[in-house]
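The values are calculated or read from the model by the stated rules, or taken from the named source; none is laboratory data. Since this is a predicted model, take the numbers as computed values, not measurements. Here the Cβ positions follow ideal geometry from the backbone for every residue, glycine too, while neighbour counts run over all protein chains shown.
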Amino acid sequence: MPTTEQLLSPKQLSRSLGVSESSLKRWCDQGRIKTVRTAGGHRKIAVADALRYAREQNLEFASRELLRLPGKRSSTTLDKAVEQMTDALLQGSEQVTRRIALDLYASNHACSVICDEVIGAAFREIGERWACNTADVYQERRACEIMQRVLFELRRMQPPTSRHGTAAGGTVEGDHYSLANAMAELVLRESGFSATSIGTSLPWSSLVNAVEQMKVDLFWLSVSHIPNIEDFVTSFTKLSNACATAGTALVVGGRALTDDVRKRITYSAFCDNLQHMESFAKTLRRTPRSSRRGRAAAKPSSRAGRK
Ligand code: B12
């Protein structure tokens, strides 16, 4: 499996895309495909940039080839992929799980769709089976470990980017749910943000420090578990105020943010899922950070889930 940093020659890439080498060199020179020059003046293309081009142009088979996925595609529909991924995760098969996720990526599905509609759905099913005692605790935990690694691999496939702004986020102390947090980072990176997860189970004071010091355009908080609602609401207000002062949009999501909790807190956008956050992030892309200062967290502004 190639890494995103690995460089391809125009000849290698033209073969993957099924086009002539001269056309490919022309596209490189026109800036349609990001190209670097070696010390000797030869054009080279990073796998990540080649993949991005293939995904933009809907070149599914080229993407598969660039990822060097062997054999036939694993899944034809998202529903089938959910079924296959649930089985693979419960069986502890990292190889099959990776293959399904990368196949979807190579088939040009957005990361937000893969996360919401396949991985999220597979974990809901695993949660059901755990609740009905048809899946053991170790199977659930092992599935999380596998998925963390697969998400990291998808992240490595992405080209480095910060074209549209900066983002950071995490979960608050007592909330150990790491997958949605990693997915938020992945999806924002795909939306062109330089996004950094600052981790899970962080003290509120540290979240506030991060907002003040990192000065990002968007701060996300994933909330899957709230140990004490009163404490949560009080501490959340401090985070919200810090975001308002910094001109940072505060985006929240997660199963623990029930209607009752949401009525008591202020944020820029609540998102039911990652596709909603992706839409919201797009609305921020053209707004210069300075013009949002002082009002981002004070007023809800998302079409994805206005408070
Ligand atoms: C894995 C898991 C755990 C793991 C997580 C480990 C890890 N490294 O992440 C651990 C071991 C921590 C765990 C513990 C517990 N769990 Co648990 N867990 C799950 C499970 C199976 C999957 C959760 C998950 O990661 N899903 C994948 C993510 C991607 O999906 P998601 O959370 O639905 O998130 C989506 C949206 O909410 C949204 N979203 C979420 N966050 C954000 C953030 C932003 C910014 C945005 C935009 C969107 C967004 O987008 C996501 C993708 O669509 C769920 C099952 C379920 N139905 O969710 C049970 C589940 C949540 N757990 C449950 C329970 C009961 C527990 C425990 C109480 C068990 C116990 N007795 O100890 C503890 C509580 C621990 C705690 N203090 O937090 C119950 C909750 C029931 C309820 N009514 O609340 C569930 C529903 C299982 C069940 N069917 O009964 N759990």
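Just to be sure, is Gln12 over 20 Å from the mean Cα position of the chain (by Cα), in a helix (DSSP H, G or I) and surrounded by 15 or more Cβ atoms within 10 Å (Cβ to Cβ)?
Against the criterion (over 20 Å from the mean Cα position of the chain (by Cα), in a helix (DSSP H, G or I) and surrounded by 15 or more Cβ atoms within 10 Å (Cβ to Cβ)), Gln12 qualifies.
Could you list, in sequence order, the residues of region 145-172 that are among the charged types (D, E, K, R) and near the ligand (Cβ under 10 Å from one of its atoms)?
Across region 145-172, the qualifying residue is only Glu145.
Answer with yes or no whether Arg156 is closer than 20 Å to Gly199 by Cα, modelled with pLDDT under 95 and of a type in the set (Lys, Arg).
yes
Return yes or no: is Ala180 within 13 Å of the ligand (Cβ to nearest atom), under 26 Å from Phe123 (Cβ atoms), aliphatic (A, V, I, L, M) and touching a strand residue (DSSP E or B) at 6+ places or on another chain (Cβ under 6 Å)?
yes
Is there a residue being more than 28 Å from Trp130 (Cβ to Cβ), within 15 Å of the ligand (Cβ to nearest atom) and either of a type in the set (Ser, Thr, Tyr) or surrounded by fewer than 21 Cβ atoms within 10 Å (Cβ to Cβ) (or both) anywhere in region 74-82?
No, region 74-82 has no match at all.
What number of residues within region 197-242 are in a helix (DSSP H, G or I) and not polar (S, T, N, Q)?
So the answer is 16.
Looking at Asp272, Asp217, Asp259, Asp231, which one is modelled with pLDDT of 95 or more, within 11 Å of the ligand (Cβ to nearest atom) and among the charged types (D, E, K, R)?
Checking each option against the conditions leaves just Asp272.
Suppose we filter Leu188, Leu207, Leu202 for residues that are under 30 Å from Leu51 (Cα atoms), modelled with pLDDT of 95 or more and of a type outside the set (Gly, Ala, Ser); which single one remains?
Leu188
Going through Thr171, Thr134 one at a time, which residue ends up being part of a strand (DSSP E or B) and more than 13 Å from the chain's Cα centre (by Cα)?
Thr171
When you check Asp87 against the structure, is it within 10 Å of the ligand (Cβ to nearest atom) and of a type in the set (Asp, Glu), yes or no?
For Asp87, the condition - within 10 Å of the ligand (Cβ to nearest atom) and of a type in the set (Asp, Glu) - is not met.
Please tell me if Arg52 is basic (Lys, Arg) and either touching a Lys or Arg at 6+ places or on another chain (Cβ under 7 Å) or closer than 22 Å to Asn181 by Cα (or both).
No; evaluated as a whole, the condition is false for this residue.
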